[in-house]
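First, the structure itself, so that you have it in front of you.
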Amino acid sequence: MSAADQVPLQIVAYCCHYCAYAAADLAGVLRLRYPGEPKIVELPCTGRLDVLEVLHAFEHGADGVMVAGCLEGDCHFQVGNLNARRRVAMVKDLLNQIGLEPERIEMFNMSSAMASQFAAAAEEMTARVRTLGPNPLREESVS
Amino acid sequence: MIVAEQKPLDEIRDLIADAGKVLVVGCGTCVTVCFAGGEKEAGILATSLRMASKLNGNAQDVTHLTVQRQCEWEYLDPIEEQIRQAEVVVSLGCGVGVQALAEHFPQAWVVPGLNTSFMGLPTEQGVWEERCAACGSCILGLTGGICPIARCAKQLLNGPCGGSQDGVCEVNAETPCAWQLIYDRLKAHDRLDLLMEIQPPKDWSTSRDGGPRRITREDLRLVAEQVE
């Protein structure tokens with residue numbers, strides 16, 4: 001393992017209360033193993049996702065952001081997850097204009113019973129961000 | 001309302017390239033409700049500019065604030081100190097807002113963050129369409145409340161051109177023919193007789209052709225009464 005592989009990553013995981021947050025809870029109950037980098041922020045619905053808040057996460061050094069909402073068609077508030085998907089697309093476009101890789105943010109969909117899918121999403125996002133490397137906007141590079 | 005959209009980030013970055021301290025000023029009126037230059041958009045732009053400049057190795061100090069209305073002096077007075085401290089001010093107001101800032105604060109260098117597009121309305125969430133061209137001589141009373149100046153590509157006054165096909169303008173398949181809309185509406189109101197009156201060539205002197213326009217209302221002016 002190279003030194004770069006050992007740099008602790010900061011991934012903010014915006015999780016919907018009704019699905020991904022419960023799926024993460026279930027993953028813990030089931031003792032599923034997944035990377036510890038994603039730090040969960042519970043949202044009442046991914047429709048609450050705020051573009052400015054996400055930008056602030058990146059500005060203050062987050063290496064990646066994952067947004068996890070209900071399966072499409074199953075949003076507790078009808079279309080909150082579809083709104084979130086469009087906002088994630090908007091942030092990708094903004095990151096591209098700013099000069100950061102748009103792959104640093106991704107939207108995932110799952111139900112509250114899909115613990116293994118949450119673990120897989122955490123694995124996928126951590127691996128992706130590790131490939132991209134730390135966010136160059138970090139105040140100090142962690143060695 | 002006045003409808004605008006944000007300029008590409010690269011263009012705004014070029015406009016502020018030489019500045020170390022930048023102030024983004026949003027506007028709380030028209031451009032807030034068309035999601036182009038309100039508080040949220042000012043925050044997003046300021047954050048984006050900070051991040052982009054830092055990534056570029058030339059970190060700029062970019063802050064933001066929003067005034068209720070950029071196009072009236074009294075709303076600008078309270079931000080004089082912040083304006084004074086900024087090397088460049090990025091206005092997220094319409095073209096009127098940009099000029100109001102520049103005129104009210106002659107010492108400030110003000111650049112636009114938006115492209116002011118048109119006067120219109122949201123026809124559905126996320127879609128805005130032009131409705132008024134501010135020609136200065138309204139004829140909506142003759143056309144059933146549908147403006148051929150703003151909505152007809154040729155600004156025709158006496159019916160559609162040959163490019164109107166199946167109710168759609170030949171210029172853009174997504175644009176309904178204004179004169180088809182006018183005909184349908186007058187027919188629905190049994191007012192097709194209005195079309196029999198031939199309209200003379202429009203007097204464009206009340207529009208842009210007459211140069212910059214000005215309205216003076218003596219009954220509203222705050223001038224000292226002259227005693228005879």
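Through the Karplus equation 6.51 cos²θ - 1.76 cosθ + 1.60, θ set to phi - 60°, convert the phi angles of segment A:100-107 into ³J(HN,Hα) values in whole Hz; use x for Gly and Pro.
Couplings: 9, 6, x, 5, 6, 10, 8, 9 Hz.
Under a point spin-label approximation (7 Å from Cα along Cα-to-Cβ), what is the residue B:121-residue B:109 distance to one decimal in nm?
4.2 nm
Moving on. In bins 10 Å wide, starting from 0, what share of all Cα pairs of segment B:135-201 does each bin hold, as a percent?
23, 55, 22, 0
Could you provide, to the nearest whole Å², the per residue accessible area of segment B:35-163 with probe 1.4 Å?
On the way: 6310 Å² over 129 residues.
Accessible area per residue: 49 Å².
Using a 10 Å cut-off on Cβ to Cβ distances, tally the other chain neighbours for every residue of A:49-62 and report the average as a whole number. It would help to have the intermediate numbers written out before the result.
Values: counts 0, 3, 5, 9, 1, 2, 7, 4, 0, 3, 5, 0, 0, 0.
So the per-residue partner count for this stretch is 3.
If you average over every viewing direction, what projected area does the convex hull of the Cα atoms of segment A:9-132 give, in nm²?
On the way: hull surface 26.0 nm².
Mean projected area for segment A:9-132: 6.5 nm², to one decimal.
OK, next. Please compute the contact order of chain A in relative form: average sequence separation of alpha-carbon pairs under 8 Å and at least six residues apart, divided by the residue count, as a percent. Write down the numbers at each step before the final one.
Numbers: 257 pairs, mean separation 50.5, N = 143.
After rounding, I find 35 percent.
How are the alpha carbon pair distances in chain B distributed across 5 Å bins from zero to the largest one, expressed in percent?
Reading the bins upward from 0: 1, 6, 11, 13, 13, 12, 11, 10, 9, 7, 4, 2, 1, 0.
Further question on the same structure: When only Cα pairs under 8 Å and 6 or more residues apart are kept, what is the percent relative contact order across chain B?
On the way: 357 pairs, mean separation 37.7, N = 228.
Relative contact order of chain B: 17 percent.
If packing is taken as the average number of other Cβ atoms within 10 Å across a peptide's residues, how do A:37-43, B:38-44 rank, most packed first?
Numbers: A:37-43: 18.0, B:38-44: 20.7.
So the order, starting with the most tightly packed, is B:38-44, A:37-43.
At a 1.4 Å probe radius, carbon and sulfur cover how many percent of the accessible area of chain B? Provide the component values of the computation, followed by the final result.
Working: 6940 of 13540 Å².
Heavy-atom surface of chain B belonging to carbon and sulfur, 1.4 Å probe: 51 percent.
Could you pull out every one of the lysines with an alpha carbon less than 25 Å from that of residue B:21, ignoring same-chain neighbours closer than 8 positions?
The qualifying lysines are B:7, B:40, B:54.
What does the highest-first list of A:13-20, B:105-112 look like by mean Cβ count within 10 Å? List each step's numbers first, then the result.
Numbers: A:13-20: 25.5, B:105-112: 15.8.
Ranked from most to least packed, the peptides come out as A:13-20, B:105-112.
Also, I was wondering about something else. From the phi of every residue in segment A:118-129, what ³J(HN,Hα) in whole Hz does the Karplus formula 6.51 cos²θ - 1.76 cosθ + 1.60 yield, where θ is phi - 60° and glycine or proline is x?
Once rounded to whole Hz, the list reads 5, 4, 5, 5, 4, 4, 4, 5, 5, 5, 5, 5.
Further question on the same structure: Interface B/A, total buried accessible area with a 1.4 Å probe, nearest 100 Å²? Don't skip to the end; give the middle numbers.
On the way: alone 14210 and 7590 Å², together 20540 Å².
For B against A, buried area totals roughly 1300 Å².
Of the options A:52, A:69, A:99, report the single residue whose Cα projects farthest towards the positive end of the charge dipole of chain A (beta-carbon charges: Lys, Arg +1; Asp, Glu -1).
A:69
Further, regarding this structure: With contacts defined as alpha carbon pairs under 8 Å and 6 or more residues apart, what's the relative contact order of segment B:2-117 in percent?
Values: 236 pairs, mean separation 40.0, N = 116.
Relative contact order comes out at 34 percent.
Based on the alpha-carbon gyration tensor of segment B:2-117, what equivalent-ellipsoid semi-axes (square roots of 5 times the eigenvalues) come out, in whole Å, largest first?
Working: eigenvalues 82, 52, 26 Å².
Over the Cα atoms of segment B:2-117, the semi-axes work out to 20, 16, 11 Å.
The values are calculated or read from the model by the stated rules, or taken from the named source; none is laboratory data. Just so we're clear, the structure is a prediction, and the values are computed from it rather than from any experiment. Backbone-built Cβ (ideal geometry, glycine too); neighbour counts: all protein chains shown. For accessibility, only protein heavy atoms count, side chains too; no ligands or nucleic acids. Shrake-Rupley method; radii C 1.70, N 1.55, O 1.52, S 1.80 Å.
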